[in-house]
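Derivation of every value follows stated rules applied to the coordinates shown; laboratory data play no part. Everything numeric in this text was worked out from a predicted model, so none of it was measured. Cβ placement follows ideal geometry from the backbone for every residue including glycine, while neighbour counts extend to all protein chains displayed.
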Amino acid sequence: MPLPAQDLQQWIPHLIATWRRMAQEPAEGLPQDRLAPHEASRVARALAGLSAGLKGGRGLAGADYMGHPDLLGAYLLWFWPVSYLQARASLLEAGIPGQGSALDLGSGPGPVALALADHGFTRVVAAERSPQALALLRRLSKAGGGRVQAVEWQAPEDPLEAGGLPAGGPWGLVSLGHVVNELYLESPDPLAKRAALLAGCASSLQAEGSLLIIEPALLSTSREALALRDRLLAAGLSLRWPCLWQAACPALAQQNQTCHSEFAWEAPAITGQLGLRAGLKKESLKCLALAFGRPLAAPEGSWRVVGEHLLSKNGTRRLMLCGKGGRMNLSLPKAVRTDQAPAFLGLKRGDLVLAKATEAKASGMALSAESLCQRIHACQPLGQFRPQRAGRTLHRSS
């Protein structure tokens, strides 16, 4: 089976061709896997504004920015590949099988919906409010073999009302990719309405189904998503991934603290091309992703790596972990000689690690010569992009 990056590589020419058709740019003689300089300049100008509106002051959050052709084009060529791989990575890490039916809410031009189809779901319904985004989604779905059905949908004003979701369930998976944070912004209590909508999504699942939420890794949006996590757990849902801790998120107990996932990637050429012109970098795929459903089994003493390596002035190395004991540091003192050091130093965010026989410290736990530190799961590789030969035509298989 092709790795996610190889599947995405097949989509890039279709994204560019779709943008050129929408932007009325002539395509004859132009490369299929990247933009011409004048095209890149045009998209980069729109991308800079779109990124600022979604990440900086967030003035575009919840707005109909997909109704603006230039902003929709920037989304298609920059955010689409990112969201596609975030969804594929989350599905792999959560161990969600690609089979049966799936519903993607707030799908935009379809990065998550088409990721679900490429993951193996045999029936995917994508629901979106923007007519312009739906038109692009239908065009892309046709290019990919027609595996996604696009329907109109808008989040119900009252999420507690029946009939707020598209027909066709029960579903094996319901996904919302970078959508929840833009819902109900005018409500006095947006979190309550979002929680009600997500609870409705969970109630539409099959017995072994999963609810997947992907949100931006910004401080504000990620903390809101963690607060939703806690509300859904309190309502009786269980977390499948990435949390091992099925209780209130300890990151929320501290001001300006959060948690997110991070996946290594090798960006496609068009991402580097646009990022250079728009002044944006995408060195890794960061997002807050949560999968609700049957919890994954993990050995006793397991922890999830949720931070980066830190080096103290005294030479002690620390790494933030989260598990059944909550959120705490695992440290490797400079003076400690242990054959577990290479395993500790090789840990990355998202890894699952087994830590035993550690010493209790005020800040958490520390490795000693008698400790065990063993990585038992590393984030699965997404693959690399292969340079395309000039003039090569790429096709999607149905």
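Using a Gaussian network model of the chain in which every pair of alpha carbons under 10 angstrom is joined by a spring, one finds that among Gln254, Gln154, Gln374 the greatest mean-square fluctuation is at Gln254.
Normalised by 2.2 N^0.38 Å, with N the number of residues, the alpha-carbon radius of gyration of segment 160-263 equals 1.07. Taken about its Cα centre, segment 4-292 carries a charge dipole of about 420 debye when Lys and Arg each add +1 at the Cβ and Asp and Glu each add -1 at the Cβ. Whole angstrom only: what separates the Cα centroid of segment 195-274 from the Cα centroid of segment 336-389? Between the Cα centres of segment 195-274 and segment 336-389 lies a distance of 23 Å.
Neighbours of Val305 by Cβ distance under 12 Å: Lys/Arg scored +1, Asp/Glu scored -1, total +3.
Dividing the summed helix terms, -39500 (n - 2.57) for each DSSP H run of n ≥ 4, by the number of residues in the chain produces a 222 nm estimate of -9500 deg cm²/dmol to the nearest 500.
Residue exposure proxy: Cys243, Cys259, ordered by other Cβ atoms within 10 angstrom of their Cβ from fewest to most, comes out as Cys243, Cys259. Considering only Gln255, Gln99, Gln149, give the residue with the highest GNM mean-square fluctuation for the chain, with springs between Cα atoms whenever their separation is below 10 Å. Evaluated over the chain, the most mobile residue of the options is Gln255. Each peptide in 141-148, 347-354 gets a packing score, the mean of other Cβ atoms within 10 Å over its residues, and the list from highest to lowest is 347-354, 141-148.
Only one residue of Leu160, Trp171, Thr258 has its Cα farthest out toward the positive end of the dipole of the chain, where Lys and Arg carry +1 and Asp and Glu -1 on Cβ, and that residue is Thr258. Span-like helix criteria (full DSSP H runs; alpha carbon extent of at least 24 Å along the helix axis; mean Kyte-Doolittle hydropathy of at least -0.5) are satisfied in the chain by 4-23.
Karplus-derived 3J(HN,Hα) values for segment 297-305, using 6.51 cos²θ - 1.76 cosθ + 1.60 with θ = phi - 60°, are 6, 9, x, 4, x, 7, 9, 9, 6 Hz; glycine and proline are entered as x.
Between segment 87-159 and segment 23-83, how far is it from one alpha carbon centroid to the other, in angstrom? Taking the Cα centre of each part, segment 87-159 and segment 23-83 sit 20 Å apart. Given the Cα atoms of the chain, and with Rh set as the inverse mean 1/r over their pairs in the Kirkwood sense, what is Rg to Rh to two decimals? Here the Rg-to-Rh quotient is 0.98. Just the number, please: percent antiparallel of the DSSP beta bridges in the chain, rounded to the nearest 5. Roughly 60 percent of the DSSP beta bridges within the chain come out antiparallel.
For the residues Leu136, Leu372, Leu183, a GNM of the chain with alpha-carbon springs under 10 Å puts the largest fluctuation on Leu372.
Summing +1 for each Lys or Arg and -1 for each Asp or Glu among the other residues whose beta-carbon sits under 11 angstrom from that of Gly209 gives +1.
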